[in-house]
Amino acid sequence: MSWGTIATWRMANEGVEKASTILEENGTAGDAVEKLINTVEAYPYYKSVGYGGLPNEEGIVQMDAAFMNGDTLAQGAVGAIENVMHAVSVARALSHEHCNSFRVGKGATKFASLHGFEMTNMLTKRAKKRWQKRCKEIEQQNLNPYDGHDTVGAITLDKNNSMAAATSTSGLFMKKDGRVGDSPLSGSGFYVDSKVGGAAATGLGEDIMKGCLSYEIVRRMRDGELPQDACDHAVYPFIEDLKKRYGKAGEFSLVAMNNKGEWGVATNVEFTFCVATDKQKPVILMANPIDNMKTKIEPISQEWLDAYEKRIHAPIE
């Protein structure tokens, strides 16, 4: 009767708490992961997901999202969808379609509108001010426009041993119109198999998708590795290989959970994540890479939490 959930970044904490309640009360993995992601999508101060998310270079919020059922392997995804409050819910609806289950751009937005999903202008006043400020900084200081690309990705396990995975993001800040990252791509941004476990990614999608790392972690767990070992063995050697072959590697962070509720994380940056199981109350943890291609995990401090809250609510000047 084990249950569990793990998700990327501090922003997932409230969603993890809601998902935990659903799972503890015998709810389904699919419902839990959708509620988790919806909670992040609806909060306007999380600038890289959903309402108030980071716009592209034209000032338009285009979102990517995905949902996967670990029992049936059914998947649904959307790319560059606009004006939809809960992109992940659209992705879940598409997972019930055998064909046409991955839709992008106008086609994805049209599907959402025709099927009664909540439609709204996702560009909040705060997000627009951030975009205008960034445009001015780029013009005046010749800065790199791509600042921020955090995805909320989550895995859930319910008491019936069913699993689900989901992701949602507004993608790379100031991205080109129509750009799609790894988050809606099966095997890269997410993968889950209830017979084994699941994984989800966040970071620079163009580099994450070069390694299909979410699938690789699940494959390693299928071969008997514990989630932490699977994360370490999949992520760190690939990053080093990519640096040698491609010349550089962007930010990588992945979380994983197997069908026993055991979990793991690997990252090449300072990375927060949230986890809860039948043995562990919801908690926010910090992960960092260490020299021997392993991951150091420790609790976050109250000082860090306070600074985080101050930062995300700070006025845009």
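The values are calculated or read from the model by the stated rules, or taken from the named source; none is laboratory data. This is a predicted model, so every value here is computed, not measured. All Cβ positions, glycine included, derive from the backbone under ideal geometry; neighbour counts span all protein chains shown. Heavy atoms of the whole protein, side chains included, go into the accessibility calculation; ligands, DNA and RNA do not. Shrake-Rupley method; radii C 1.70, N 1.55, O 1.52, S 1.80 Å.
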Next item on the list: Please work out the average accessible area per residue across the range 170-297, using the 1.4 Å probe convention, and give it in Å².
Entry: 40 Å²
Margin query: Take Lys159 and Asp229, extend 7 Å from each Cα along the Cα→Cβ direction, and tell me the distance between the two endpoints in nm.
Written below: 3.1 nm
Next item on the list: Quickly estimate the mean residue ellipticity at 222 nm for the chain, helices only: each DSSP H run with n ≥ 4 gives -39500 (n - 2.57), and the total goes over all residues, rounded to 500.
Entry: -10500 deg cm²/dmol
Notebook entry, point to check: Along the principal axes of its C-alpha atoms, what lengths does the range 169-317 span, in descending order and rounded to whole Å?
Noted result: 51, 41, 30
Notebook entry, point to check: Ignoring ligands and nucleic acids, what accessible area does Ser183 show with a 1.4 Å probe (Å², nearest 10)?
Noted result: 0 Å²
Check: If we count every other residue with Cβ under 10 angstrom of Gly211's Cβ, Lys/Arg +1 and Asp/Glu -1, where does the sum land?
Finding: -3
Check: Does anything in the range 246-271 have its amide N under 14 Å from the 7 Å Cα→Cβ label point of Lys296, and if so which residues?
Finding: 267-271
Check: Solvent-accessible area per residue for the range 89-137 at a 1.4 Å probe radius, Å²?
Finding: 64 Å²
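What is the range 253-317's relative contact order, in percent, from Cα pairs under 8 angstrom and six or more apart in sequence?
It comes to 21 percent, rounded to a whole number.
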Next item on the list: Heavy atoms only, probe 1.4 Å: what % of the accessible area of the range 53-210 goes to carbon and sulfur, would you let me know?
Entry: 47 percent
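Relative contact order of the chain, please, whole-number percent, based on alpha carbon pairs below 8 angstrom and at least 6 residues apart.
Dividing the mean separation by the residue count of the chain yields 21 percent.
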Check: Residue by residue through the range 299-309, which ³J(HN,Hα) values in whole Hz follow from phi under the Karplus form 6.51 cos²θ - 1.76 cosθ + 1.60 (θ = phi - 60°), with glycine and proline marked x?
Finding: x, 7, 8, 5, 4, 5, 4, 4, 5, 4, 4
Item checked: Cα→Cβ-extended label distance, 7 Å offset, between Asn288 and Lys136, nm -> 3.5 nm
Item checked: Two-decimal ratio, the range 1-157, of alpha-carbon radius of gyration to 2.2 N^0.38 Å -> 1.10
Notebook entry, point to check: Residue-wise, which Karplus ³J(HN,Hα) couplings in Hz belong to the range 282-293, taking 6.51 cos²θ - 1.76 cosθ + 1.60, θ = phi - 60°, and x for glycine or proline?
Noted result: x, 9, 9, 10, 10, 10, 9, x, 10, 4, 8, 6
Notebook entry, point to check: Given a cut-off of under 8 Å on Cα pairs at least six residues apart, what relative contact order in percent is computed for the range 167-275?
Noted result: 24 percent
Note to self: I'd like the distance between the alpha-carbon centres of the range 24-49 and the range 169-247, rounded to an integer number of Å.
What the structure shows: 21 Å
Note to self: With N set to the number of residues, divide the alpha-carbon radius of gyration of the range 1-40 by 2.2 N^0.38 Å and report two decimals.
What the structure shows: 1.02
Margin query: Quick check: the distance between the Cα centres of the range 111-126 and the range 264-284, to the nearest angstrom?
Written below: 31 Å
Check: Residue by residue, what Karplus-based ³J(HN,Hα) values in Hz, rounded to whole numbers, does the range 219-235 have, using 6.51, -1.76 and 1.60 with θ = phi - 60° and x for Gly and Pro?
Finding: 4, 5, 5, 4, 7, x, 6, 5, x, 5, 5, 4, 5, 4, 6, 7, 7
Next item on the list: Based on the mean of other Cβ atoms within 10 Å per residue, sort peptides 287-294, 108-115 so the most packed one is first.
Entry: 108-115, 287-294
